[in-house]
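All remarks here apply to the structure that follows.
Derivation of every value follows stated rules applied to the coordinates shown; laboratory data play no part. If you're wondering where the values come from, they're calculated on a predicted model, not measured in any experiment. Note: ideal-geometry Cβ built from the backbone for every residue, glycine included; neighbour counts use all protein chains shown.
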Amino acid sequence: MESGDDEALISKENEDPKEDDAKTNVKNVKKKDEPAVDEAPGPPKKPAPSKRCLIAAVTVLGIVAIVAVICAYTLEPRDDDGNVDGAGDSRLKIDELARRLVVSHNGAIVLRGRIGRDLRTNDPIVDDASDRRNATWTGEANLVVDRVNMSDARAACFRVHWTATTRETTSLADSYDLSEANWYGGAETHKPAWPLETNASRPAGAFTSGDLYSNPSAYGSVLQPIWLSSVGVVIAVNRTVPLFVGFDGGSMRLEARLDPLAYPNYEGILELSYMLCVHDDLRALYDLVVETFFERPTGTPDQSLFERPIWSTWAEYKSNVNETNVLQFADDIIRYNFSFSNIEIDDGYSSHYGDFDFDSAKFPNASRMIETLHSKGFNVTTWVHPFANVDSQAFKEGLESQYWVKGSRETVGLVSWWNSQSSAAAVLDVTNPEAAAWFIERLEKMRSHYGVDSFKFDGAEVSFLPDVFSFDQMVGNPGEYSAMYADVAARFAPLAEVRVGYFTQHLPLLVRVMDKDSRWDLDNGLHALVVSVLTLSVMGYPFVLPDMIGGNAYDPDDFRKTVCPSGYDELFVRWAQATALMPAMQFSLAPWNSRCLDSSVLDPVRKAVQLHERFGSYIVDLAKESALTGYPIVRPLWWIAPTDPQAQLVNDQFLLGDDVLVAPVIRPKETIRTLYLPAGTWIDGNDGTTPFEGQKEIHYKAPTELLPFFVRKDSKAASLVT
């Protein structure tokens, strides 16, 4: 970080910029009255001789002189009366000629950017008017940089808005240096980095949701074009932008690009619009982000989902599920003395993919089976998705009514997904209100006919749409498709779950982390699970559902086959421990599965479940708090130590609320866990008495049956430890 700046600053004290609120995703922004559009402009202002400027005069018809001023220019945030907000002392300086942008806060530079990376010309015409900066690169693009008044006097927000001036401009790009801070957010990825700059090498790709299993280089199912930094800066891109994001050499590239494959429905002139906001530190910044860019949850998932594990038939039975083994699975859960909330009947129960029914050959009396499960205390959910294979009745009905996403020829666009042959399925067009209503009606019929309680909603990533897709409604950014699908899922709250998210933090749904492999490391293993949960949490999704305990145990060549890796017993136990103090636990491969696991895992896994149950009411209280505040349930260490540089780097620990610190063992054969405690007095969660003073690293004995965790002294959580 650098303080000061070697160039002169120009300050303005005029009214707020007047940008249409529809062009941003900003909430609660105060604006003043806009001057009349036809107000006669005043004469050009003469720049002070000490400023570095370029004056260009062009005589038109020998009578009218148009003067353009190009110079270093600074915007300062002001209160509603137009006074400079001295408390925040935040400034944005832009130099169009050098194509540089600098943001400072409290006298220190907190962000450096290079703007207009793909522009061909270098002769901007600048209109230094009102309280905005307007620059035009003739024949290419126009840039408006202005400020937005905020209710928090210590915060400042600046809007950067590019507009192409010709359809020949197909790319607008800015880049920002990440090297002087730690960065978080954006999207779930296959090999996640925390902070982002620790693995910031990724070619610019479409910032749209993808299935990380079929394409590990994609962005994941849950994504949000918002990035936070440790020096109190957030970059928040408008949700409508056809965005490409890349990382290289310590910088992040933000690019709006006309791309007929990634954004085939984007129409009109190309725009790149985003906000740069600053605050004092990460915690203050997060509050600003919640207030400005997120919506708080409208409710919470069912309390039982936080208190007791979810059990899925997927990994245990794959698609060979039937009535007999579902009932046996339930009986075994009880017999082995495990608690439960939902039992999810996953892949393989329906007659055809796309039909919401039970295959009568596999389930002779599905209604009676579900009654039996209810009598044992289980909630029952079934796995559903937006796909319909061409041999299903749903495909035929949807085809007649034009309920499927269209392809390039305005006919149904046939797609491939993990349960279809090549180009042998259609995908529901949830942008069509009639199609969405039809989908909901069919789910309601299944619920009333069989007695199921709710559904596990899978799919709906943009990567599963046709190569060139067309929606019923004009949706320029296909992320809105995923958001609409999540809205449909929310109709079946509070027991429903979904695995996609795009500006859908407000929905009272469990949001599932993408499938994880049965391995330890950051390459989609247990360590990656911890980072993914942290990433979704800071993206504003509090009700995170970790993936199945132990991973999916996939055969590398056939996901329908189960292959348990060497040392799986230890991995399974450590995975159960890692999720014990997360919002929810989810089992799929049974802890008593003798093909993969030794019976010795039962006791430590059961102990992990009992720990989760003990903290169940604490988690429920945190969920209720999330609905009020927008705060995540799982929090990074910097949440309580925002200026602690070591806390900002920790990617293998997390907080449950403010008062429980969890340090799961994520490496094989590790029995001494090196971990970091932030400032404060912490009590060993395993004995309830031993104190540790924080802001230092400790070495903790962690035999296989023990999860290292700590509670803040004299907190509510301290009463929950033994």
| note | In whole angstrom, the spacing between the Cα centers of the range 404-462 and the range 216-278 equals 28
| query | Taking square-rooted eigenvalues a ≥ b ≥ c of the alpha carbon gyration tensor, is the range 637-720 rounded, prolate or oblate, where a/c under 1.5 means rounded and, failing that, a/b exceeding b/c means prolate? | reply | oblate
| message | For the chain, take the longest principal axis of its alpha carbons; what is the angle in degrees between that and the long axis of helix 568-580, to the nearest 10 within 0 to 90? | response | 60
| query | Between the DSSP loop rule and a limit of at most 15 other Cβ atoms within 10 Å, which GluC sites (Glu not before Pro) in the range 201-272 are left? | reply | E267
| Local electrostatic count, N432, Cβ distance below 12 Å [Lys/Arg +1, Asp/Glu -1] | -2
| Going by how many other Cβ atoms sit within 10 Å of their own, how do K376, K696 line up, fewest first? | K696, K376
| remark: Y700 neighbourhood, Cβ < 9 Å, K/R = +1, D/E = -1, net charge +1
| task | Would you mind calculating the relative contact order of the chain from Cα pairs under 8 angstrom and at least 6 residues apart, reporting the percent as a whole number? | result | 10
| message | With viscosity set to 1.002 mPa s at 20 °C, what whole-number translational diffusion coefficient in µm²/s follows for the range 535-654 from Stokes-Einstein and a Kirkwood radius over Cα pairs? | response | 134
| request: As a check on your grasp of the helix formula, calculate [θ] at 222 nm for the chain: sum -39500 (n - 2.57) over DSSP H runs of n ≥ 4, divide by the residue count, round to the nearest 500. | output: -6000 deg cm²/dmol
| task | For the range 706-722 and the range 538-614, compute the distance between their C-alpha centroids and round to whole Å. | result | 23
| query | Between their Cα atoms, which of K318/K456; K456/K516; K669/K701; K406/K445 are more than 19 Å away from each other? | reply | K406/K445
| task | Using Cα positions and a limit of under 16 Å, work out the aspartates and glutamates in reach of K561, with same-chain residues fewer than 8 apart set aside. | result | E316, D346, D347, D515, D517
| note | With +1 at each Lys and Arg Cβ and -1 at each Asp and Glu Cβ, the charge dipole magnitude of the range 637-720 around its Cα centre, to the nearest 20 debye, comes out at 140
| request: Please give the net charge around W137, taking every other residue with its beta carbon less than 9 angstrom from that of W137, where Lys and Arg add +1 and Asp and Glu add -1. | output: -2
| query | Roughly how many whole Å is it from the C-alpha centroid of the range 671-699 to that of the range 165-198? | reply | 35
| task | Please order M252, M474 by the number of other Cβ within 10 Å, starting at the fewest. | result | M474, M252
